Every structure is written in structure tokens, then in C-alpha cells.
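Laboratory data are not the source of any read-out in this text; all were calculated from the coordinates shown. These numbers come from a predicted model, not from an experiment. A quick note on method: Cβ atoms are made from the backbone with ideal geometry, for glycine too, and the neighbour counts reach across all protein chains shown.
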Amino acid sequence: MEKTHPTDKPIVVLKDVWKTYSMGEVKVHALKNVSLEIRHGDFVAIVGPSGSGKSTMMNLVGCLDTPTKGTVFLESRDITKMSESDLASLRGKTIGFIFQQYNLIQNMSAFENVLLPLELQEFDDYSAEKRAAELLKLVGLGDRMGSRPTQLSGGQQQRVSIARSLAANPEVVLADEPTGALDSVTGREVLETLHRLWKTEGKTIILVTHDMNLARYAQRFIELKDGEVVRVEKNRDVQKVDYRLPEKQQGIG
Amino acid sequence: MKLDKCLKIALNMVMHSPLRSWLTIVGIVIGVASVIAIVSLGNGLQNQVNSQLSSLNANLVTLSPGFERGQGGGFGRFGGGPGGFGGAASTAVATLGKNDVRALQSISEISLINTQISGRTNVSFGGESGNLQVSGVDPKTWSQITSSKVGQGRFLEPSDKGVVVIGYSLASGFFKSPITLGKDISIEGKSFKVIGITSDTGRFDRSITMPIDDAYGVLGSTKTRDDYDNIQVVLKDGTDIDAAVAKITAVLMSSRNVKTQDFTVSSTKDLQQSVSSVTSSLTLFLTAIAAVSLLVGAVGIANSMFTSVLEKTKEIGIMKAVGAKNRDIMTIFLFNAGLIGLVGGLLGVVLGTIASSFISSLLTGSGISLPGIGGRGGGSVTLVSVDILIGVLAISVFVGLLSGVIPAYQASKLKPVDALRYE
């Protein structure tokens, strides 16, 4: 079941990327000439203090934004040259997002939130509903499918958002400070879930965080400071994760 | 994204901001209901006018002095004069007289000729008096030409003198005590015996009709003997009315020896056309006013949709992040607006139908009787037809969609990164 990590095929490539924001007369360079490559099966942590350009980086890596200068490739396709609808479709298929604030849709139940990416990808109703239910069971929320986000705890909401990120079976899971709003125990559970997805499912995991303790789970660090990559390094001491997990949480993906 | 899924999300959005949705819907309901009420009122009016006009003799042609371009004025000249207004309102100096009648008698297409005068004068009965319209007609032909029906007694006969036929409304409601057959009423100090009362058709009828020779006596101060306010002729069945009108015009032009026409010839057909064009433009005008409220409702939808886009900005960002295309977002918001239009339209249709029957019962029940509208036994004043309901409903959905276009476009163009950052 275990897959070889990483393969040689790049999935997200940033080449000489600049991102500049204009604030009136002043131009702020959030990213300055950044290049990086994320390969299939990578577990990368993008780290850096606040204001270092992490969020900007995450938006570009996640293809939610386009660079001011330079190019971003997703699955070898230049996103700056893609039509909006092609990009939306490719993004939906390839990348699953986990946000710090969960970003669940408040008026939809947990089940409907997980179903949404499947509906957007036009899965047939039967397999979409089956998969959404399976994923929620997998994250331990099989009995809370009809609950709205406001009726769930932070940890539960983040689990719904993990289930949603996996719904369309994306190649990449992009987690932006996924534990930021959680207590340390719940936070560790989330990290271990990500680790397991990488290890056993062969997902590419991109973790954006300011917390070096969380980054220890990753296989590689990319450290940002003042909009520049200051360090790219292999993690020599990957956090050991205990895989003796409850039966119901086995085999995500 | 499939359309049914977009619809589901749109429905979810409508259901989760109930107050705003309902307020927006109310705007549309008012617009749709007022359009339906007005249109049904207009249609009812047109229907009544048409049914009254169709009771007129289609072969009737009326001549009046003075040339009026278009149609020859007052209703009263048709249908034998009851309830008329207009009469000798023409400013022309020209008159119609015995010579014209003689010329008309030579036209083979004409079967009947009635000469007529009318005017307002003082009428008293049982110690009360009032100013009423009196018509003098040719007793030999009038009863065959008039559209009124005998209710009690009889109509005028050739040898009649000093008698009148009066309208139902005058007989039953004008004076304190009802005027019954055989009673005498006093007109300009002269006594006339009531020999006939018209039947109650639901129309407002306060006419007084008497032989023309008597009428010269009571209207003498304003009328010259042997001058007529108008001449009615009935064409033989199967006559080409337009050709006959042309022939009458030509014959009279030559007998009167005039180069420019100084009299008007109008047929019932012309009248029907012009009245129905008047009522339809009236309906159109009123509908346009009612449509303004529908427009205001549309602005309400647009306003509500803009608010909704602002409120949902973050959700739009989320949906885009998980794979929604611009087109999906656009469709969801259009459906949202369309749903408001649809619900507003449906409720508006119900409310409009109720309002229209309410207006109908108000007009008929309170005894408001305008000529041509309502009156006792006049049936429904309003007419709600299925095509109007469907049409207005379709317009309402269309208006909803249309007012949603700009907000929906705005929502669809949001960049995912900006939308996600929105708090």
C-alpha cells in the first residue's frame, strides 16, 4: 500500500515569480523572484514568520491568484495562460484546500459541504453522495452529517474541511495553517491525518505554517523571509507518527 | 456544475436569508398584482364596451352636421339616443334638413331613416325637477332602429303625440317616487304621458324619447324646426357598409351642392373600431403605470442581489477554491434572482386575481354606475384571463433574471483570492 516518495514529476512549479501589491503610490513586493518546484508525493512545509509572503505563496501555489511577473505551472500547464473556467476545473480536480478558518459554507450541512466539490466536478449523484458519506465516516463524523458548521466544534469543522479537501480525490492537499484555530491535541490529530494521507495514500501535501513544530512532520522545508526563499532543506528528522489508528480512520482517499 | 445543483444552492441561499428574500418578493408581488388588477380592469372594460357595441345595429350609419375628421363623436347619437351626450356639439354652421332626407330616400341601399334632435331641458315629476337629456325621434322608424328594449308598455308609434318613452334608470331611481306607466311628467311646462319604459340592461339609462314634432316644442329655444341634430339610416342586410358610406357621402355632397364636406357619415363599424382602440390605449396606459411598480420591484431584486453578493463574497471565494467556475457562480445568482421573481410572480398572480375580483365587487356592489362600467346586473367589471396570468408571471421571472444579471456577473468575476480574504 505504501508508495514511493517522491516521484520525479513536478506538479506545481513557480518560476521567477514576483507578486507586487500597489498601496497607493507605494509598491509592496510580497514575493521577489521566487522559484520552486513541488513534485508528486512531496510533503512540503512552507514556513516563515508573518509578513514573509507565506499567504501570497500559498495563493499562488494553490492557483487562487496569478503572479505579477513570472509563471506558475500546475500539472505542466501555465496557469497565467489558462482560461478562468479551465483553471477552476483543473484546480478543483488537482488541489484540495484546508484553511485555518475551515471556510465551510455556513448554510450547508457537513454532508453538503463535502458534496459541493463533487457536484462542481459533476459527479453523478449516487457516487457523489456515497463518497461524501464515506469521507465523513472516515474523519469520524459519520453521525454528524446533517449538522451545520455552527453546530460543530472547531476540530470537527476542520475534519469536515479535510473531508471536503479530499472529496474530488485531488493529487495535492494544500493546508494553510490548518491547526491555527485548534488546541494542541486536535492540532496534532490534524497533522497526523495529513501525514497519513501522504504516507499511505501518496498525496502531495503542502503545509503552510509559521510553526516549526508542525513543520517537523514534513519531508522538506521551504523557508520564506521578506518575500524571498531563504532556505530549502530536507527534513533529516521527520516526526515519527504512530499509525496504530482506529479501524474507522484507515485508508483515507 | 449541473443546473439542478445550481438551483439547489440558489434555493438554499433564498431560504437562509428569509427576511430579505421576503421583502424583495413583496416588491415584486405588489408590481405583479397591480399589473394584473389594472389589466383585468381594462379588459373587463373593453369587454363590456364591446358587448354593448355589438348590441348596436351593425348596419346603422349616422349622419351629423359639420365635418369631423375621424369619428363622429358622442355615443348618444348611436343606439337611438338614450343617455346621449354630444348631440349638436358641432361648431359647424351647416345643418341637416329635409332635403338631405329626401336625397337619402333615393339611395336604394337604405331601408330606414330616423331624424333626431336632442338637448337638455327641465323635467319635473311629483314636485321635483331635474335637468335631463330629451331626444326627439321619428316615431315611424325609431322603434326599429334603437338598441333599447321595451321593459314595460311600448315604444313610439307613428300616430303618437304628447307621449314619452323613458329609460329604466330614470323611471326607477331619479325622482323620489318611481315613475310608472301612464303617469305624466312635465317637460318645459308641457305634460307628457309615459307609455314605455326601457328594460333594465344594467346600463345607465335616463333617456327621455318623444316624437320629434313634440321635441321641437320643448327644445324650441335651441332648435330650428326641420333641422336635425343627426340622421340615422339603416342599410339593407348584406350591404357593403364602406361602399354605402361612400355612396351616401357622394349623394349628399351633390344634393347639398358643396365642394368641401360639411357633414359626417359614420358607421357602427367605425365606432366599434375607434372605441376599441380608445379602450385598448387606455388599458395600455394604465398598465404602463402599474408596470412602474413592477420596475421598482425589479430594482428591489437588483438591490437585494447586490447585498447578497457582498454578504456571500467569502462563500463565493470558497466555492471557487473548491472548483466553481465563473459560469457556476453566475448561474447560482441568476437562479436566486429568478426564484425571487418566480415566487413574487406567483403570489402576485394570486393577489392580483383577488384584488381584481375585489375591485369588481366594489364597483358593482356599491352601485357606482359609470356609463359602460358596472351598474346593477352588469356582470363582472374585471376580466382575468389565463394568458395574462401566464404572461405576467413570465415577465416577472424575466424581470427577476434581468435584475440579477449585473450582481451575478459581479459575483462571478470575483477573484478567488480576494473573495476568500473578504470578511
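Here is how the numbers come out for the structure above:
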read-out	value
Overall form of chain B per C-alpha gyration tensor (a/c, 1.5; a/b vs b/c)	prolate
Estimated 222 nm signal from helices in chain A, with DSSP H stretches of n ≥ 4 weighted -39500 (n - 2.57), rounded to 500	-9500 deg cm²/dmol
Sorted peptide list for A:59-71, A:17-29, criterion being average Cβ within 10 angstrom, highest first	A:59-71, A:17-29
Inter-site label distance for A:D16 and B:V278 at 7 Å from Cα along Cβ, in nm	8.2 nm
Sorted peptide list for B:131-142, A:108-119, A:175-186, criterion being average Cβ within 10 angstrom, highest first	A:108-119, B:131-142, A:175-186
Contour excess over end-to-end distance, with Cα ends at B:W22 and B:R154 and 0.36 nm allotted per residue	41.3 nm
Exercise: per-residue mean of other protein chain Cβ atoms within 10 Å, B:322-334	5
Mean separation of Cα contacts under 8 Å (6+ apart) over length of chain A, as relative contact order %	27 percent
Residues with amide H under 5 Å from that of B:V134, placed H, sequence gap 5 or more	B:G119, B:R120, B:T121
Per-residue mean of C-beta atoms belonging to partner chains within 10 Å, peptide A:120-130	2
Rounded, prolate or oblate (a/c below 1.5 giving rounded, otherwise prolate when a/b exceeds b/c) for the protein assembly as shown by Cα gyration tensor	prolate
HN-Hα J in Hz across segment A:88-105 - Karplus 6.51, -1.76, 1.60, θ = phi - 60°, x for Gly and Pro	4, 5, 5, 4, x, 7, 9, 10, x, 9, 10, 9, 4, 8, 6, 6, 8, 7
Shielding by partners, peptide B:15-22 (average Cβ within 10 angstrom, other chains)	1
Degrees separating the helix B:268-311 axis from the principal Cα axis of chain B, which is the longest one	20 degrees
Cross-link reach list, lysines versus B:K193, counting only Cα pairs under 30 Å and skipping chain neighbours closer than eight places	B:K98, B:K140, B:K149, B:K161, B:K176, B:K183, B:K223
